[in-house]
Amino acid sequence: MKRKSIIVLVVLLLLSMTMAGCGAKAKTFTKNDMSITLTADFEEKPKNDANAYYESNKAILFCYQDPNEGLKGAGLDPATLTLKEYAEKIVEMYGIGVAVVEVDGLYVFDFYETTADYEFYHMGTVQKGPNSFWVFEFVCQKKDQNSMSKQFIKWAKTIKIN
């Protein structure tokens, strides 16, 4: 009986240690008029070509702000431009050649990139604020796409633009 109790205790201890790693602690990042909740293992890092850039050991996130004045200069009317139309313009502008689809209330597009060493999965989504549109580009290794694409949607749903 004592041996059974020790085995049960060890199993419970192992399960609790395993479960502790499953629910990574959330952390909210804020930049300009945007905030997003990711996991605490993300760090904000400088990136010259992005308004905000966050990196973890499994994924990265580029955040690009497109002010309304710049859109007007490109011949677009921010007052009537829908999120889907904006996402389609982004896909067209970068020559990605993929469709914009609605996933869980978000307009998203995804594509792959191959470098000399790795294959990457990119998932982009867009948001609109009072003075700008935003593009959020989540990236992970292609081998992690199945698990990370669901997480990308979950994180994208936490985005707030003030």
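The values are calculated or read from the model by the stated rules, or taken from the named source; none is laboratory data. In this text the structure is predicted, and so the values were computed from the model without any measurement. Positions of Cβ are backbone-derived with ideal geometry, glycine not excepted, and every protein chain shown enters the neighbour counts.
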Quiz prompt | Residue, nearest to Gly95 (Cα to Cα), within segment 115-126, restricted to residues that are surrounded by fewer than 21 Cβ atoms within 10 Å (Cβ to Cβ) and modelled with pLDDT of 95 or more | solution = His122
Quiz prompt | Residue that is farthest from Ala87 (Cα to Cα) [pool: residues in segment 99-142 that are of a type in the set (Val, Ile, Thr) and over 11 Å from the mean Cα position of the chain (by Cα)] | solution = Thr115
Exercise. With the condition kept exactly as written, say whether any residue in segment 58-66 is in a loop (DSSP other than H, G, I, E, B) and either exposed (fewer than 13 other Cβ atoms within 10 Å of the Cβ) or of a type in the set (Asp, Glu) (or both).
Key: no
Quiz item: Which numbered condition trips up Asn162, out of (1) surrounded by fewer than 18 Cβ atoms within 10 Å (Cβ to Cβ); (2) under 14 Å from Tyr64 (Cα atoms)?
Solution: (2)
Quiz item: Looking only at segment 140-159, which residues are touching a helix residue (DSSP H, G or I) at 6+ places or on another chain (Cβ under 9 Å) and buried (at least 17 other Cβ atoms within 10 Å of the Cβ)?
Solution: Cys140
